[in-house]
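The values are calculated or read from the model by the stated rules, or taken from the named source; none is laboratory data. Predicted, not measured: the structure shown is a model, and the values here were computed from it. Note that each Cβ is placed from the backbone with ideal geometry, even for glycine, and that neighbours are counted across all protein chains shown.
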């Protein structure tokens, strides 16, 4: 009888622990940490590209991410290509002799993609201003504890984490 009571108490404590720890939120936090790191790495590479070329890789370089404000709320085809040589999701649609082609290999070994990278809004977004002098990269963060981070990143979208030289483009 005492053994059953002990096992029962341990079961209740285990259930309470699982509810308090929230393993799904731990997984979301890990993926969010990767997203934040990825966007910072991409932003550094794009800033280096700007320093060398005087412009950002243009919207015409993007093949898998919509370049309009409405894209965040519209599923679109998502590329899984991390190649930085102009055939990844930052695509070289310009000629290779163009001074502002989309080859990013000088600045980053491989492009980053979202850990989930699906067309249900867990992906990275990229857009430039019309003069190709500024850019914005966005992603949605999953963990509830990161809601405040999305609201205080200096951007204009409270439900997305934003980095770049102008956080109001998308």
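For the stretch 13-22, the condition of being in contact (Cβ under 8 Å) with a residue 40 or more places away in the chain, surrounded by 10 or more Cβ atoms within 10 Å (Cβ to Cβ) and closer than 24 Å to residue 123 by Cα holds for none of the residues. In this structure, is residue 4 assigned to a helix (DSSP H, G or I) and at pLDDT below 80? Spelling it out, it is not the case that residue 4 is assigned to a helix (DSSP H, G or I) and at pLDDT below 80. Taken together, 61, 66, 76 contain a single residue that is crowded, with 18+ Cβ neighbours inside 10 Å and either out of contact with any helix residue (DSSP H, G or I) (no Cβ under 9 Å at 6 or more places or on another chain) or at pLDDT 70 or above (or both), which is 61.
Among the residues of the stretch 116-131, those identified as closer than 19 Å to residue 44 by Cβ and within 12 Å of the chain's Cα centre (by Cα) are 124, 125, 126. Of 40, 119, all but one fail to be loosely packed, with under 14 Cβ neighbours inside 10 Å, closer than 24 Å to residue 159 by Cα, modelled with pLDDT of 55 or more and in contact with a strand residue (DSSP E or B) (Cβ under 7 Å, 6 or more places away or on another chain); the exception is 40.
Of all the numbered requirements in (1) surrounded by 14 or more Cβ atoms within 10 Å (Cβ to Cβ); (2) part of a helix (DSSP H, G or I); (3) modelled with pLDDT of 75 or more, residue 55 misses one, and that requirement is (2). The set of residues in the stretch 132-164 being surrounded by fewer than 16 Cβ atoms within 10 Å (Cβ to Cβ), touching a residue at least 24 places away in the same chain (Cβ under 8 Å) and either farther than 20 Å from residue 34 by Cβ or within 11 Å of the chain's Cα centre (by Cα) (or both) consists of 133 alone.
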